[in-house]
1. Can you compute the label reach from residue 99? Point 7 Å from Cα along the Cβ direction, backbone N cut-off under 15 Å, restricted to the stretch 42-66.
2. Mind listing the long-range amide H neighbours of residue 98? Cut-off is under 5 Å, sequence gap 5 or more, other chains count too, H placed in the peptide plane at 1.01 Å from N.
3. For 135, 113, write out the residues from largest to smallest accessible area, computed with a 1.4 angstrom probe and no ligands counted.
4. Please give the solvent-accessible surface of residue 86 in Å², to the nearest 10, using a probe radius of 1.4 Å with every protein chain present.
5. Of the options 92, 123, 140, report the single residue whose Cα projects farthest towards the positive end of the charge dipole of the chain (beta-carbon charges: Lys, Arg +1; Asp, Glu -1).
6. What accessible area per residue comes out for the chain, rounded to a whole number of Å², with a 1.4 Å probe?
7. Let me check I've understood the local charge: for residue 13, count other residues with C-beta under 12 angstrom from its C-beta, Lys and Arg +1, Asp and Glu -1. What total comes out?
8. Once the Cα atoms of helix 52-75 and of the chain are each reduced to a long axis, what angle between those two axes, in degrees from 0 to 90 to the nearest 10, is obtained?
Amino acid sequence: TCPPDYVERYANFAYPLGQKAADTLESKPEHQRLWAEAMPTPVGEDGMYRHPLYFACNDFVDDQIGDVLRCVEAVNDGKTWLAYTSDHGEMMGAHRLVSKGSNAYDDITRIPLILCPPTQNAGKRIDIPVSHIDLLPTLLDVAGIPRTAAMHGKSLLPLIEGQPDEHQDVLIEFNRYEIE
């Protein structure tokens, strides 16, 4: 939920989906076709996604993150790490689908995971699949807290520090199926 003035900003905004807007779902599994029928997308004939509330809520969250960053900068203790991520992405009308679901399209699986060390001056992109299961071991390593043997996942610190990492598989799980 966001304040109404954010929604007003996006009243006439449209996002171009490109080729993803033209997917007929002909060769896709039946559940995708059923999903598309049950939950129509706000995509026009022009291939543009229109959803003022969606964009407004994201803009509002972005402003709130800015507030947090300003507070961290004000403290400037040289020890604070920042972590930002999401639980899933949004189809936004791509492939005629909305929300999240049982499909592993990049739109819902390639989500941001941003880890910012206190001494990091310039960002770097690491394009290797990682899992949220690795986030807690990473933060425990940062804090110097040992983890229990029962904890799954591995620390991403070596990867962040530029050490090569072997390929790692990532499991994507969706444990429910219904047509709303």
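1. Residues 42 qualify, since their backbone N sits under 15 Å from the label point.
2. 93
3. Result, largest first: 113, 135.
4. 40
5. 140
6. On the way: 12150 Å² over 180 residues.
Here the per-residue accessible area is 68 Å².
7. Working: positive: 9, 50; negative: 8, 59.
Result for the neighbourhood of residue 13: 0.
8. The answer is roughly 10 degrees.
The values are calculated or read from the model by the stated rules, or taken from the named source; none is laboratory data. Keep in mind that what you see is a predicted model, and the values were worked out from it rather than measured. Please note: Cβ atoms are built from the backbone with ideal geometry, for glycine as well, and neighbour counts cover all protein chains shown. Side chains included, ligands, DNA and RNA excluded: accessible areas come from the protein's heavy atoms. Shrake-Rupley method; radii C 1.70, N 1.55, O 1.52, S 1.80 Å.
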